[in-house]
Amino acid sequence: MDLRLDGDTWQGTYATVVLAACVDLLADGEPIPGVTFFVDGFPTVDNVSVIAVRDDVIVARTARGDEVIVNSADVMRILIP
């Protein structure tokens, strides 16, 4: 799944879509592996496992086990294998 923010979509709507996609995929209780976030003004968050959604943030874990917090309002694109 490749979700991108385009010029016709309001950022708040897009953030809701990103959160909903993660919540739906987390419904079986398993992390979502191999996710890449393109975040506005920050480095790309590449190849992480999404482990939770809390309010308007996505919680992910790197291969090294580090926890990464991604604010859904800053996501410009998300790639989910």
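The values are calculated or read from the model by the stated rules, or taken from the named source; none is laboratory data. In this text the structure is predicted, and so the values were computed from the model without any measurement. Because the Cβ atoms are built from the backbone with ideal geometry, glycine has one as well, and the counts that use them run over all protein chains shown.
Output the residue which, of all residues in region 9-29 that are crowded, with 17+ Cβ neighbours inside 10 Å and not aliphatic (A, V, I, L, M), is farthest from Ser72 (Cα to Cα).
Among them, the one singled out is Cys22.
Search region 55-81 for residues being farther than 20 Å from Thr13 by Cβ and among the basic types (Lys, Arg), and hand back the single one that is surrounded by the fewest Cβ atoms within 10 Å (Cβ to Cβ).
The extreme case among them is Arg64.
Can you tell me how many residues in region 34-54 are surrounded by 14 or more Cβ atoms within 10 Å (Cβ to Cβ) and either among the hydrophobic types (A, V, I, L, M, F, W, C) or more than 9 Å from the chain's Cα centre (by Cα) (or both)?
Number of matching residues: 12.
Where the second residue is basic (Lys, Arg) and part of a strand (DSSP E or B) and the first is farther than 14 Å from Asn71 by Cα and lies in region 18-45, which pairs have Cβ atoms under 9 Å and are six or more apart or on separate chains?
Close Cβ pairs (under 9 Å, with a partner that is basic (Lys, Arg) and part of a strand (DSSP E or B)) amount to Pro31/Arg61.
Does Gly7 satisfy the criteria of being at pLDDT 90 or above, part of a loop (DSSP other than H, G, I, E, B) and more than 11 Å from the chain's Cα centre (by Cα)?
Working: at pLDDT 90 or above: no; part of a loop (DSSP other than H, G, I, E, B): yes; more than 11 Å from the chain's Cα centre (by Cα): yes.
Taking the combined requirement at face value, the residue does not satisfy it.
Anything in region 39-53 that is assigned to a strand (DSSP E or B) and either of a type in the set (Gly, Ala, Ser) or within 15 Å of Pro81 (Cβ to Cβ) (or both)? List them, or say none. Reasoning before the result, please.
So in region 39-53, the residues assigned to a strand (DSSP E or B) come out as 39, 45-53.
Across region 39-53, the qualifying residues are Val45, Asp46, Asn47, Val48, Ser49, Val50, Ala52.
Just the residues that are over 14 Å from Ile78 (Cβ atoms) and modelled with pLDDT under 95, please, taken from region 30-53.
Gly41, Pro43
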